[in-house]
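Before any comments, here is the structure.
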Amino acid sequence: MIVSFLGAGWAAETEVDPSTVSDGLKAIFRYGNQTRETAARLNSNTVTLISGTIGGTYVQIGADLESVLDDGENLRILSIVGRGSVQSVADILYIKGVDLGIVRSDTLDYLEKKGIANNIKGQFTYITKLYNEEVHVVAPKSVHSLADLEGKKVSIDLPNAGTFVTAIAIFERLGIHPDFAYIEQRIAYDKLSKGELDAVVAVQGQPSKATTQIKDPNLHLVPIEYTKSLQGDYLPAQLTSDNYPNLVAKGELVDTVAVPAVLAAYNWQSSTERYRRLAHFVDAFFGKIGQLQQPPFHPKWKEVALNAALPGWVRFRPAQEWLDRNSNARTTSEVRNSFEQFLSQSQTSSPGHDRSEDRETLFRQFLEWQKIHPVTR
């Protein structure tokens, strides 16, 4: 009897009303007597983002945005698992309710160059360039270069994915003709381990979650030389043993190329509700970029420079206006962080740069260079 009494008292003291701590439950509990009002309020402040496939970087970026920007009924980020960059372009253009999508900068160029679409960039606007996505080519160690894949069976993901476009473009420019297979990457890696494929291409921001899980000792990452034919649309990059200890020997680097990822939207008229909703998103997103660039969020956020220009694209006007208002907001510490990142990723850096006096000299030179080479938007 005493135990029963104490148990009841304890339950009464510790009972929690879920509706006081859960925004979702608050909305559900109001359902019935305020349905229209609640629905209108939630919809007016919800921004829908098409991300990417499971295991890819885009999904993680979408989840990070939800974690940092969700603010009760003031702003809700609804991140949807997508099918890749090509499908995201179509979803932004045609699917009702899709406000934003993550696409690769070379996707729209490819569509125009192939005659699939005319002036498609004019139908899009960009919020910001996000980060660079590295090209991963996983193959047996007997494959030393992309040229060794001539006539070989190579999976380049599903035809709706951005990897599909980037891989085809790179092989075309290098004059290499594999036998392409269009297989979802998780399945493709399994087939590669069984010897049913000769290579798998994945274009994702490192560390690529799916690629880090490969543990086959017979596989490695194939280098890609930064030839002149690739320099128009792609950037030099390196894959590290820290990110891929099972595929890259300790302390070594694998040369590759990278393509920018872009946070893009349909080019809505300024009088529309969709335009207002995107502007609301920009204010929240840009104001919290520093938080996203800290752990535990994806390390690729550290590459995001909101004021980085994207040639050939038009920036969403409220995003440009936010940058103009905050153009002098960068602190010395932020500039130094940019410099440190630049130095760590620079291919021209040498071990001598690790000396503190050398780094300080380079930093001063970097500041002077910035004075005469201001960032263009």
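Here, each number is a calculation from the coordinates, and none is a lab measurement. None of these values were measured; they are calculated from a predicted model. Here the Cβ is made from the backbone with ideal geometry for all residues, glycine too, and neighbour counts use every protein chain on show.
Odds and ends about this structure:
- Theoretical gain in end-to-end length, residue 240 to residue 253 [0.36 nm per residue, Cα-Cα removed]: 4.2 nm
- Modelled spin labels at residue 274 and residue 327, positioned 7 Å past Cα toward Cβ, are 3.0 nm from each other.
- Ordering of 234-245, 79-90, 293-304 by burial proxy (mean other Cβ atoms within 10 Å per residue, highest first): 79-90, 234-245, 293-304
- Taking chymotrypsin sites (Phe, Trp or Tyr not before Pro) across the stretch 130-216, the ones in a DSSP loop with at most 14 further Cβ atoms lying within 10 angstrom of their Cβ are 182.
- Once C-alpha pairs closer than 8 Å and six or more residues apart are averaged by separation and normalised to the residue number of the stretch 72-180, the relative contact order reads 31 percent.
- Between residue 180 and residue 70, the FRET efficiency estimated from the beta carbon spacing at R0 = 45 angstrom works out to 0.65.
- Converting phi to 3J(HN,Hα) with the Karplus coefficients 6.51, -1.76 and 1.60 and the offset θ = phi - 60°, the stretch 175-183 yields x, 10, 10, x, 8, 6, 10, 10, 10 Hz in sequence order, with x at every glycine or proline.
- Of 152/250; 209/288; 153/191; 121/288, pairs whose Cα-Cα distance is over 18 Å: 152/250; 209/288; 121/288
- Alpha-carbon centroids, the stretch 101-153 and the stretch 236-259: separation in whole Å: 19 Å
- Positive end of the dipole of the stretch 129-275 (Cβ unit charges, origin at the Cα centre): among 210, 159, 223, the Cα lying farthest that way belongs to 210.
- Amide H contacts for residue 131 (H built 1.01 Å from N in the peptide plane; partners 5 or more residues away or on another chain; cut-off under 5 Å): 261.
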